[in-house]
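Structure, as structure tokens:
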Amino acid sequence: MKIKKKKLEESISKAWKSLYKTFPVLLGTILLISFITKIIPKSFYTKLFTNNIIIDPFIGSLTGSISAGSPVISYILGGEFLNQGIGILTVTAFIVAWVTVGLIQLPAESSLLGKKFAIIRNITSFIFAIIVAIITLILKLI
Amino acid sequence: MNIKKIKKIPKPFYFLGSIIIVYFITFILDRNLFNVIINYFYEIFVKVIPIFIIIFILMVIVNYFITNKFIIKHLNQK
């Protein structure tokens, strides 16, 4: 297989541009995580999340829905949440909702794809984020 | 009269800027806490860099092989 030089250069430049756009948010997020982790004690999270199979992923899904940004950032946040003692249930729901639900982008989505479609898609994605989290936990325990 | 266009600062930089201000305030108020936070930031940042390199390589591969034409060709069956 022959690699086309021009096409490769274009691919590198495209990848570099999208990473360059993500970088300030990523840097800011890591700075914020470091700050919050050292300011808020771990006991706070254990009080907030009570290992309830419905409430915990609901909070995770809700947090993920109102957040926006590159999925990479959600993985970093999710990893830090796990380090802080937050359960896999909440973290999974958070990551799935971050990627699939977009409350901030909802006006743009509804204008481009239709209001009804955007609302239904976001609601189902929100519910499925909770279901995916529960399934992930069950499969992890098996 | 020519009015020079001022380049708008991208929104992500506002986010980064505001967090740097918070760090600056922390540095003034409590230097020990600032050092602890910066060390922790460094730990995470070092962990993230190799992941970012892998993501960059994957993005280049995807951009090279999966072009807009390719997607349109395979999604435009109906």
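Just so you know, all these numbers are worked out from the coordinates, no wet-lab data involved. These figures come from a predicted structure and were not determined experimentally. A quick note on method: Cβ atoms are made from the backbone with ideal geometry, for glycine too, and the neighbour counts reach across all protein chains shown.
What angle, in degrees between 0 and 90 and rounded to the nearest 10, separates the Cα long axis of helix B:31-65 from the longest principal axis of the Cα atoms of chain B?
10 degrees
Please list, short to long, the whole-number percent of alpha-carbon pairs of the protein assembly as shown in consecutive 10 angstrom bins beginning at zero.
Percent of Cα pairs in each bin: 7, 23, 31, 25, 11, 3, 0, 0.
I'm checking a number: the convex hull volume of the Cα atoms of the range A:42-141, normalised per residue, in Å³. What is it?
Dividing the Cα hull volume of the range A:42-141 by its residue count gives 92 Å³.
Give the span of the range A:79-127's Cα atoms along each principal axis, as three whole-Å numbers ordered largest to smallest.
40, 17, 9
Could you tell me how far the Cα centroid of the range A:1-41 sits from the Cα centroid of the range B:13-52, in Å?
18 Å
Sticking with the crude label model, points 7 Å out along Cα→Cβ, report the distance from A:Ile131 to A:Tyr20 in nm, one decimal please.
Modelled inter-label distance: 4.2 nm.
Report the full-extension gain for the segment B:Ile61 to B:His74: residue separation times 0.36 nm, less the Cα-Cα distance, to one decimal in nm. Write out the running numbers ahead of the final one.
On the way: separation 13, 0.36 × 13 = 4.68 nm, distance 1.85 nm.
Residue separation times 0.36 nm, minus the Cα-Cα distance, leaves 2.8 nm.
What is the calculated FRET efficiency for A:Ile3 to A:Ile66, with r their C-beta to C-beta distance and R₀ = 45 Å, to the nearest 0.05?
Computed FRET efficiency for A:Ile3 and A:Ile66: 0.60.
Between B:Ile54 and A:Asn83, how high is the FRET efficiency from 1/(1 + (r/R0)^6) when r is the Cβ-Cβ distance and R₀ = 22 Å? Nearest 0.05. Spell out each step's value before the answer.
Numbers: r = 21 Å, r/R0 = 0.95.
Efficiency computed from Cβ-Cβ geometry: 0.60.
Taking the 0 to 90 degree range and rounding to the nearest ten, how far is the long axis of helix A:115-141 tilted relative to the main principal axis of chain A, both from C-alpha atoms?
Helix A:115-141 sits roughly 60 degrees off the main axis of chain A.
In nm, give the distance between the simple-model label positions of A:Val99 and A:Ser13, each being 7 Å from the Cα along the Cα-to-Cβ direction.
Here the answer is 3.0 nm between the modelled labels.
Given 25 °C and 0.890 mPa s, compute D for the range B:11-75 with the Stokes-Einstein relation, Rh being the Kirkwood radius over Cα pairs; round to the nearest whole µm²/s.
Using the Kirkwood radius from Cα pairs, D works out to 161 µm²/s.
How far, in degrees from 0 to 90, does helix B:11-29 lean away from the longest principal axis of the Cα atoms of chain B, to the nearest 10?
In chain B, helix B:11-29 runs at an angle near 20 degrees to the longest axis.
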